[in-house]
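Report on the following structure.
Derivation of every value follows stated rules applied to the coordinates shown; laboratory data play no part. Remember, predicted model here, so these are calculated numbers, not experimental data. In this analysis, Cβ positions are derived from the backbone assuming ideal geometry, glycine residues included, and neighbour counts consider all displayed protein chains.
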Amino acid sequence: MALIYNNVAVPAGGAVVYNNVALQQVKSGNVLVWQKTPPFLYNSGNSYSEYTGGWTGFERQTQYGDCVQIAESNALYAYAYGMGISGVRTAKAVDFSLINTLTLNFWTSVDRDYAHIRVCLTTFVPDGNNMWTDRNTAAPGQVYQFNGYDGNNATRNIGIDVSGYKNSYYVSIFFHSADLFENHLWPFRVYSLKCN
């Protein structure tokens, strides 16, 4: 797939404007020759809804009470108590055909080896029940896991290889705790999710 203008290929991260309208894709007949890659799926309050449909929360209720998700003005925010899932997901599946890397910028106070932050790409709508696993089993479509014992209270930039994912997927980012006994609050904030 290539769009050539004046002998120069238009990059997927570039822009094509026709009659003062920015295009998301260009076709020649029925053949797709160029498609814009989203610069971000989320960035400091911008949900890039043209690609994501927006972001929404999901949870698996814990024995200690509800998990909570809040869309802050500058971050996606979630926290949970005890054993459960609390997170955010895209409202629609995102086309990953031109995305090779996601760069996740986040902060957390998770500090236990049984508490994780997971990033998953699924063809089904993720929720707290269908994403639940035990502490030693990857969640469906899991592409990244931050372990609480890796350190906390620091903002991190993590590059995630998604080059093997070339269809459309729901993106979910969630806190997962496999602890039955501790009533402890673990928040996380996602500041950006950049595409390359």
Please list, in order along the stretch 6-12, the HN-Hα scalar couplings obtained from phi with the Karplus expression 6.51 cos²θ - 1.76 cosθ + 1.60 (θ = phi - 60°), rounded to whole Hz, x for Gly and Pro. 6, 6, 10, 6, 7, x, 4
Multiplying the sequence separation of TYR18 and LYS92 by 0.36 nm and subtracting their Cα-Cα distance, what value in nm do you get? 24.0 nm
Using modelled amide H (1.01 Å from N, peptide plane; none on Pro or chain starts), what sits under 5 Å from the amide H of VAL94, excluding residues fewer than 5 places away? TYR169, TYR170, VAL171
Based on the mean of other beta carbon atoms within 10 Å per residue, what is the order of 129-135, 84-90, 46-52, most packed first? 84-90, 46-52, 129-135
